[in-house]
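Encoded as structure tokens, the structure appears first; notes follow it.
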Amino acid sequence: MFDPNQLNQVDKIKQLEQEKAQALNAQQRKAMMVQDIGDSRKILEEERVYRQGVVSVRDLISPASLEVTSSYIKLGDYFIKTIFVIEYPRYINVGWFAPIINMDTTADIAIYFYPVKASVILKQLKKKVGALQAGLISDAEKGAPRDPLRETALRDMEKLRDDLTQGVEHFFQTAMYITVYGKSLEELDTSCENIENILGSTLVYSRRVFYQAEQGFNSTLPIASDDLQILTNMNTSPAASSFPFVSSDLTSDGGVLFGINRHNNSLILFDRFSLQNANSVVFATSGAGKSYTIKLEVLRSLMFGTEVIIIDPEREYKHLCDAVGGTYIDVSLNSESKINPFDLPRSIGEDAKADDIIRGGVITVKGLIKLMIGDITPEEDSIIDRALLETYAKKDITASADLTRVEPPVMQDFQEILEGMENGENIVLRLKKYTEGTFAGLLNNPTNVQMNNKLVAFSVRDLEDELKPLAIYTIVNYVWNVVRSELKKRILVVDEAWWLMQREDSAKFIFALVKRCRKYYLGVTTITQDVNDFLTSPYGQAIVNNSSLQLLMKQSPAAVDLIQKTFLLTEGEKYLLLECGVGEGIFFAGAKHAAIKVVASYSEDQLITSDPRQLLEIEEAKKEFEESLSQE
């Protein structure tokens with residue numbers, strides 16, 4: 001028989017087993033959760049330990065140490081002190097703060113403006129005006145002499161009241177702080193003293209912080225927290241005069257457009273002949289746009305009637321010369337164009353003496369001879385000097401001769417004189433390759449070139465590297481003789497001038513030319529991409545010092561430190577020269593300089609471009625045009 005009680009017992013057993021299984025599962029899940037939590041905590045702890053060893057942004061920008069004293073802060077290796085302005089004069093010029101901005105001193109500047117409601121100021125001014133007027137009336141009734149200070153203050157207050165009422169002016173409380181950095185306390189004190197002297201020259205009085213060094217430093221941090229709260233009253237006009245963002249302006253009333261001022265997009269117009277001298281130097285790496293810039297200046301100078309003479313070592317000026325109808329002279333061994341290094345000036349001034357002219361010619365030719373034959377002994381120098389004088393005398397060129405009608409000797413005449421002199425054999429042997437040997441076609445012929453054109457370019461591209469310094473030296477000497485013969489406004493462009501800076505004699509000759517050319521209305525432009533060769537020469541440094549215009553374009557890292565030292569550039573200007581694009585750089589004119597970008601119109605660009613791809617396109621366009629004309 002079926003027993004219901006047994007069924008109930010079975011159900012109870014099953015229910016107990018299920019509850020036991022659920023409890024076991026709950027315990028397992030709890031254990032697993034505890035394990036998961038432990039693993040998570042372990043991971044978080046490991047991540048925390050990892051993050052402690054990782055450098056954060058705060059670690060990167062925070063100093064290694066900070067020491068606060070009563071008058072300065074030592075931040076790492078730097079000493080810091082803050083200067084604050086306490087008083088301004090009655091009148092201050094616009095841009096009075098520019099000398100502080102342009103100082104070659106590391107400094108942080110903070111200017112705070114706190115607007116004040118016009119109604120509050122007008123109420124105070126009304127009381128002040130009433131008191132001043134009462135005082136002036138009282139003095140007049142007593143017969144006391146007039147007080148100019150109070151009368152001036154009254155006029156200023158009345159004008160300020162009118163301007164505030166009309167909304168022309170607003171009123172502020174201002175605070176100006178300058179935090180100066182120095183590598184030593186002596187350097188810091190010197191910089192602070194220079195800044196205080198500049199401020200004092202404009203009657204702006206300042207003080208250095210004392211027992212507030214930390215507050216002064218915090219006030220100039222870029223967090224807009226004025227911890228010093230040293231305020232002066234000021235209306236809109238004088239407040240605007242302290243605007244700190246200023247830039248150099250190189251725009252003049254006349255002259256050549258060199259480019260655009262990258263600071264303020266104004267035009268850089270300058271007449272190089274209005275400066276102390278008209279000389280210019282250009283330093284840039286290959287492809288930075290230096291030849292493009294000079295060709296643009298040449299083209300624009302021709303429009304003002306200036307004659308231009310160019311020494312072109314890479315045939316870069318041929319396209320421009322042909323476009324403007326200039327004379328392009330190819331100087332090479334097989335060229336028909338010849339220049340005689342023994343030439344004298346074309347005409348002699350009234351005060352010039354014949355023996356001085358001959359002596360100058362001897363010195364110049366002797367420099368060329370040293371370039372040709374290399375190092376010489378003092379004995380050989382004496383022989384060459386005597387032989388040159390006899391060479392000129394052979395052609396009746398003496399102190400008593402009429403130098404306007406004589407025929408200059410050539411190198412062969414000089415060799416013949418040396419052959420007849422004692423101890424001249426060694427010099428003759430080294431000289432023969434220029435008169436009878438491989439290089440005989442360069443320096444042993446009478447001059448047959450003409451310079452009766454507004455633009456004359458001499459090309460030395462087809463000469464061997466060994467001959468280029470000799471040819472450039474001879475050309476420059478010939479040009480110098482032409483320049484001295486007739487006073488005209490001229491520019492001489494010496495491209496790749498480092499060729500001449502390699503030897504002392506040619507470097508000395510270029511320096512003498514740069515130093516004397518001002519008297520003959522000549523401006524010399526020296527262009528080089530080998531900065532180290534140029535500036536390491538004492539004559540190269542002197543040429544830079546005697547050049548009022550200087551253009552620095554993109555520089556290589558190997559040369560930029562020397563450029564920075566020579567031109568006293570800031571770190572920002574140094575990095576500008578490293579990173580600037582084609583046609584960009586820094587333009588110096590006298591004491592001023594600004595970042596420049598050279599720009600040209602489409603027509604100018606077609607005439608002066610040096611881009612081979614663009615030149616091919618122009619040549620193809622010319623051929624197509626000529627073919628279309630022939631078909632018609």
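The values are calculated or read from the model by the stated rules, or taken from the named source; none is laboratory data. This one's a predicted model, so the numbers in the text were calculated from it and none came from an experiment. Every residue, glycine as well, gets a Cβ built from its backbone with ideal geometry; the counts of neighbours run over all protein chains shown.
Quick check on my filter: what residues within segment 502-538 are under 29 Å from GLU486 (Cβ atoms), touching a Ser or Thr at 6+ places or on another chain (Cβ under 9 Å) and at pLDDT below 85?
Correct list: ALA507, PHE509, ILE510.
Of the residues ALA387, ALA399, ALA440, only one is of a type in the set (Gly, Ala, Ser), over 47 Å from the mean Cα position of the chain (by Cα) and surrounded by 14 or more Cβ atoms within 10 Å (Cβ to Cβ); which? First the steps, then the outcome.
Working: ALA399 fails: surrounded by 14 or more Cβ atoms within 10 Å (Cβ to Cβ); ALA440 fails: over 47 Å from the mean Cα position of the chain (by Cα).
Result: ALA387 is the single residue among ALA387, ALA399, ALA440 that is of a type in the set (Gly, Ala, Ser), over 47 Å from the mean Cα position of the chain (by Cα) and surrounded by 14 or more Cβ atoms within 10 Å (Cβ to Cβ).
Go through segment 176-198 residue by residue and tally those that are touching a helix residue (DSSP H, G or I) at 6+ places or on another chain (Cβ under 8 Å) and either among the small types (Gly, Ala, Ser) or outside the structural domain of GLY95 (by TED's automatic domain parsing) (or both). If you could, list the steps in order and put the result at the bottom.
If we filter segment 176-198 for residues that are touching a helix residue (DSSP H, G or I) at 6+ places or on another chain (Cβ under 8 Å), which is where we start, we get 177-182, 195, 198.
From what's left, either among the small types (Gly, Ala, Ser) or outside the structural domain of GLY95 (by TED's automatic domain parsing) (or both): 182.
Total satisfying the criteria: 1.
If I filter segment 132-153 down to residues being closer than 22 Å to PRO89 by Cβ and charged (D, E, K, R), which single residue comes out as surrounded by the fewest Cβ atoms within 10 Å (Cβ to Cβ)? Before you say what the answer is, go through the steps one by one.
Of segment 132-153, the ones closer than 22 Å to PRO89 by Cβ are 132, 147-153.
Checking which are charged (D, E, K, R) leaves us with 147, 150-151.
Working: ASP147: 14, ARG150: 15, GLU151: 12.
If we take residues in segment 132-153 being closer than 22 Å to PRO89 by Cβ and charged (D, E, K, R), then GLU151 is surrounded by the fewest Cβ atoms within 10 Å (Cβ to Cβ).
If you take the residues of segment 560-611 that are surrounded by 17 or more Cβ atoms within 10 Å (Cβ to Cβ), of a type in the set (S, T, N, Q) and in the same structural domain as ASN545 (by TED's automatic domain parsing), which of them is farthest from LEU535 (Cα to Cα)?
The selected residue is GLN564.
For segment 518-529, how many residues are more than 21 Å from PHE587 (Cβ to Cβ) and either without any contact (Cβ under 8 Å) to a residue 40 or more places away in the chain or surrounded by fewer than 23 Cβ atoms within 10 Å (Cβ to Cβ) (or both)?
3
Go through segment 478-569 and tell me which strands (runs of 3 or more DSSP E), entirely inside it, have 3 or more residues that are closer than 24 Å to GLY361 by Cα.
On the way: elements: 490-494, 522-528, 549-553.
Where strands (runs of 3 or more DSSP E) fall fully within segment 478-569 and carry at least 3 residues being closer than 24 Å to GLY361 by Cα, they are 490-494, 522-528.
Give me the residue from segment 598-613 that is assigned to a loop (DSSP other than H, G, I, E, B) and at pLDDT 85 or above and, out of that set, farthest from LEU552 (Cα to Cα).
So in segment 598-613, the residues assigned to a loop (DSSP other than H, G, I, E, B) come out as 598-601, 609-611.
Pick out the ones that are also at pLDDT 85 or above and you get 598-601.
Details: VAL598: 12, VAL599: 16, ALA600: 18, SER601: 22 Å.
Checked segment 598-613; the qualifying residue farthest from LEU552 (Cα to Cα) is SER601.
When GLU186 is evaluated against the numbered criteria (1) surrounded by fewer than 17 Cβ atoms within 10 Å (Cβ to Cβ); (2) touching a strand residue (DSSP E or B) at 6+ places or on another chain (Cβ under 7 Å); (3) closer than 16 Å to LYS74 by Cα, which criterion, by number, is the only one it fails?
GLU186 satisfies every listed condition except (2).
Go through the residues of segment 321-337 one by one and say whether even a single one is assigned to a loop (DSSP other than H, G, I, E, B), in contact with a Ser or Thr (Cβ under 9 Å, 6 or more places away or on another chain) and either β-branched (Val, Ile, Thr) or crowded, with 20+ Cβ neighbours inside 10 Å (or both).
Yes, because at least one residue in segment 321-337 is assigned to a loop (DSSP other than H, G, I, E, B), in contact with a Ser or Thr (Cβ under 9 Å, 6 or more places away or on another chain) and either β-branched (Val, Ile, Thr) or crowded, with 20+ Cβ neighbours inside 10 Å (or both).
Among the residues of segment 202-231, how many are of a type in the set (Val, Ile, Thr), at pLDDT 90 or above and more than 21 Å from PRO99 (Cα to Cα)? Full working, then the answer.
Step one: list which residues in segment 202-231 are of a type in the set (Val, Ile, Thr), which gives 202, 204, 209, 220, 223, 230.
Narrowing further to those that are at pLDDT 90 or above: 204, 209, 220, 230.
This time we only want the ones that are more than 21 Å from PRO99 (Cα to Cα), so: 209, 230.
Count: 2.
Listed here are the residues, each with its yes/no results for (1) in contact with a Phe, Trp or Tyr (Cβ under 9 Å, 6 or more places away or on another chain); (2) over 30 Å from ASN546 (Cβ atoms); (3) part of a helix (DSSP H, G or I).
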{"site": "ASN197", "(1), (2), (3)": "no, yes, yes"}
{"site": "PHE210", "(1), (2), (3)": "no, yes, no"}
{"site": "SER225", "(1), (2), (3)": "no, yes, no"}
{"site": "ALA239", "(1), (2), (3)": "yes, yes, yes"}
{"site": "LEU257", "(1), (2), (3)": "yes, no, no"}
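Against the conditions (1) in a helix (DSSP H, G or I); (2) over 21 Å from PRO313 (Cα atoms); (3) not assigned by TED's automatic domain parsing to the domain that holds TYR521, where does GLY437 fall short? Just the number, please.
(1)
Restricting attention to segment 85-110, and to residues there that are part of a strand (DSSP E or B) and under 32 Å from the mean Cα position of the chain (by Cα), which single residue is surrounded by the most Cβ atoms within 10 Å (Cβ to Cβ)? Full working, then the answer.
Restricting attention to segment 85-110, the residues satisfying the condition of being part of a strand (DSSP E or B) are 85-87, 107-110.
Next, from what is left, pick out any that are under 32 Å from the mean Cα position of the chain (by Cα): 107-110.
On the way: ALA107: 19, ASP108: 16, ILE109: 16, ALA110: 23.
So the residue we want is ALA110.
Those residues that are touching a residue at least 24 places away in the same chain (Cβ under 8 Å) and of a type in the set (Lys, Arg), I need them from segment 530-569; list them, please.
LYS554
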